[in-house]
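J.: What follows is a structure written as structure tokens; I'll ask about it next.
The values are calculated or read from the model by the stated rules, or taken from the named source; none is laboratory data. Just so it is clear, the model here is predicted, and its values are computed rather than measured. Backbone-built Cβ (ideal geometry, glycine too); neighbour counts: all protein chains shown.
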Amino acid sequence: MFNHAPHNYICPICLAVSGVENDKTMMKQADIFYRDEVVMAAVNSKFVGNNPGHVIIVPLEHFENLYEIPNEVLHRIVSVSKKVAVALKEVRNCLAINVLQNNEPAAGQHAFHYHMHLFPRFENDQLFSNMDNSRVAEPADRDQYSEPLKDYFKSHPITF
Ligand SMILES: [Zn+2]
């Protein structure tokens, strides 16, 4: 519903879900710190302004946006977002968390596969004025954020 993915769209998130690493997807498998049978969570390949290492949660199955994602999948994403938010509070020692989820290009959606962003917030970080100031981070720079989250979820497994 209200779809914008072009015909024959090669979905970068579906590639990452299926374990592919190539130039069509920026996500590396090492970015993924949580996965169950419905969703996975990863450090985003793009860092925004003064808030590097923010996280996205995605459904394993392809749905373009909030309008069409099934409720049971959305419920899982929200449940996992709660756990990931608490993990970010501990691992990043952040002041606060923003949840952001963009639908359609006019709202800033770039990858046409539903994804929920979680941003750790820091003193005077100016996140919202920097939203267009993003850069693709080197995989090694992403690892410093994904590794502590992998360790966290080893000792705090999510159960439903
Ligand atoms: Zn997809």
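J.: Would you please name the residue that is surrounded by the most Cβ atoms within 10 Å (Cβ to Cβ), looking only at residues in the range 3-60 that are hydroxyl-bearing (Ser, Thr, Tyr) and without any contact (Cβ under 8 Å) to a residue 40 or more places away in the chain?
T.: Out of the qualifying residues, it is 25.
J.: Can you run down the residue pairs with Cβ atoms below 8 Å, 6 or more apart or on separate chains, where the first is in the range 86-114 and closer than 20 Å to residue 134 by Cα and the partner is away from the ligand (no atom under 16 Å from the Cβ) and polar (S, T, N, Q)?
T.: Partner pairs satisfying both residue conditions: 99/81.
J.: Looking only at residues in the range 1-37 that are small (Gly, Ala, Ser) and within 16 Å of residue 62 (Cα to Cα), which one is farthest from the ligand (Cβ to nearest atom)?
T.: 19
J.: Separate question: For the range 1-56, give me each residue that is modelled with pLDDT of 95 or more, charged (D, E, K, R) and not in a strand (DSSP E or B).
T.: Once the filter is applied, which keeps residues that are modelled with pLDDT of 95 or more, charged (D, E, K, R) and not in a strand (DSSP E or B), the range 1-56 yields 21, 28, 31, 36, 37.
J.: Being within 27 Å of residue 18 (Cα to Cα) and of a type outside the set (Gly, Ala, Ser) narrows it down to one of 103, 124, so name that one.
T.: Answer to the selection: 103.
J.: In the range 77-95, is there at least one residue being within 16 Å of the ligand (Cβ to nearest atom) and at pLDDT below 95?
T.: No - not one qualifying residue is present in the range 77-95.
J.: May I pose another question? Return a yes/no flag: does the range 124-134 have any residue that is within 16 Å of the ligand (Cβ to nearest atom), within 30 Å of residue 8 (Cα to Cα) and out of contact with any helix residue (DSSP H, G or I) (no Cβ under 7 Å at 6 or more places or on another chain). Walk me through it before giving the result.
T.: Applying the first criterion (within 16 Å of the ligand (Cβ to nearest atom)) to the range 124-134 yields none.
No, every residue in the range 124-134 fails to be within 16 Å of the ligand (Cβ to nearest atom), within 30 Å of residue 8 (Cα to Cα) and out of contact with any helix residue (DSSP H, G or I) (no Cβ under 7 Å at 6 or more places or on another chain).
J.: Sticking with this one: How many residues does the range 61-103 contain that are surrounded by fewer than 17 Cβ atoms within 10 Å (Cβ to Cβ), more than 14 Å from the chain's Cα centre (by Cα) and closer than 24 Å to residue 125 by Cβ?
T.: 6
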